[in-house]
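The next block holds one structure in the form of structure tokens; read it before the comments.
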Ligand SMILES: C[S@@+](CC[C@H](N)C(=O)[O-])C[C@H]1O[C@@H](n2cnc3c(N)ncnc32)[C@H](O)[C@@H]1O
């Protein structure tokens, strides 16, 4: 049997060149799409900077119960995700778009941090696999060469929040996504050295007897900059002493917003890349078209009706 899925996906009519296509494999596409339809992810899609495609890997099961999980060999609590539907979904996706950087969300994975987000921001296609239950059959991760990624030392019930955290952290580093690209550089862990951000103040000048630090009202830009550096350092020492004096993660390589090629201009879509431009739609995840409930095996089109998610 060949791979399950529609004979063709989106085609040229809505093709646009985007910087990064995120494919999120999940059992809860509506939950992911709901978040991806708001805020910066919505704006980034509307600007045509990113595409987000949510794929329900249950649509790639072949049995009539559409089962994605089974009991672990050797016993133990909980269920594991079977490898076959996920492998089919990856094959279907890559047949449409080309190879992805394959990332499986796992609490036992390597830690996600800003340096890794910067690294991912150079990727054209990122696949984020969301687990459930007790996670994945280990053979899937080996066979498909997934890298395992953790968003922190705690255990969630599923990978969806983790996938969205990665998507948003990467998307906001892409040229043209933030209104002011200095924002990312000046954020915590940003290009200004990997320390935490300094404290910030807005109106009113006095609130509950607390005044805005006078230097911020002085108009002396050099003094303001010195104050910001000092308070950022103090905050880093207080909240994250592990970051003080190092670089907030593994050695910093380059930062997307400060790449020489990007200087002053957005990264050209897929310039110089031998890989084809994504035929993704800039539209936000919710395109208004309802997804079919439980399409029938082998004739289903898990994405055609979702159109350009
Ligand atoms: C209950 S967890 C599985 C935990 C797994 N048995 C373990 O202890 O490593 C179910 C799914 O949630 C996701 N998940 C939970 N915590 C996560 C974290 N800190 N980072 C990334 N993904 C996480 C993963 O996709 C995982 O497969």
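What is the order of 140, 127, fewest Cβ neighbours within 10 Å to most? Could you put the intermediate results ahead of the total?
Numbers: 140 21, 127 26.
Sorted ascending by nearby Cβ count, the order is 140, 127.
What is the spin-label model distance, in nm, from residue 40 to residue 157 if the labels are put 7 Å beyond Cα along the C-beta direction?
2.7
Going by C-beta contacts inside 10 Å, put 53, 160 in order with the fewest on the left.
On the way: 53 27, 160 23.
Ascending number of Cβ neighbours within 10 Å: 160, 53.
By how many nm would the segment from residue 197 to residue 145 lengthen if fully extended, with 0.36 nm per residue of separation less the alpha-carbon distance?
Details: separation 52, 0.36 × 52 = 18.72 nm, distance 3.59 nm.
Between residue 197 and residue 145, full extension yields 15.1 nm more.
Could I have the simple spin-label model distance between residue 64 and residue 108, label points 7 Å from Cα toward Cβ, reported in nm to one decimal?
Taking the simple label geometry, residue 64 and residue 108 are separated by 3.6 nm.
Pull out the extension gain between residue 183 and residue 212, defined as 0.36 nm times the separation in residues minus the alpha carbon to alpha carbon distance; nm, one decimal. Intermediate results must be reported in sequence, preceding the final value.
Numbers: separation 29, 0.36 × 29 = 10.44 nm, distance 2.11 nm.
Result for the pair: 8.3 nm of gain on full extension.
Using a 10 Å cut-off on Cβ atoms, rank the peptides 172-178, 103-109, 215-221, 59-65 from the highest mean neighbour count down. Intermediate values should be presented prior to the final figure.
Working: 172-178: 21.6, 103-109: 19.9, 215-221: 11.7, 59-65: 15.1.
Going from most to least packed, we get 172-178, 103-109, 59-65, 215-221.
Rule-based calculations on the coordinates, nothing more; no lab input. Bear in mind the structure is a predicted one, so any value in this text is a computation, not a measurement. Neighbour counts are summed over all protein chains in view; Cβ atoms, including those assigned to glycine, are modelled from backbone coordinates with ideal geometry.
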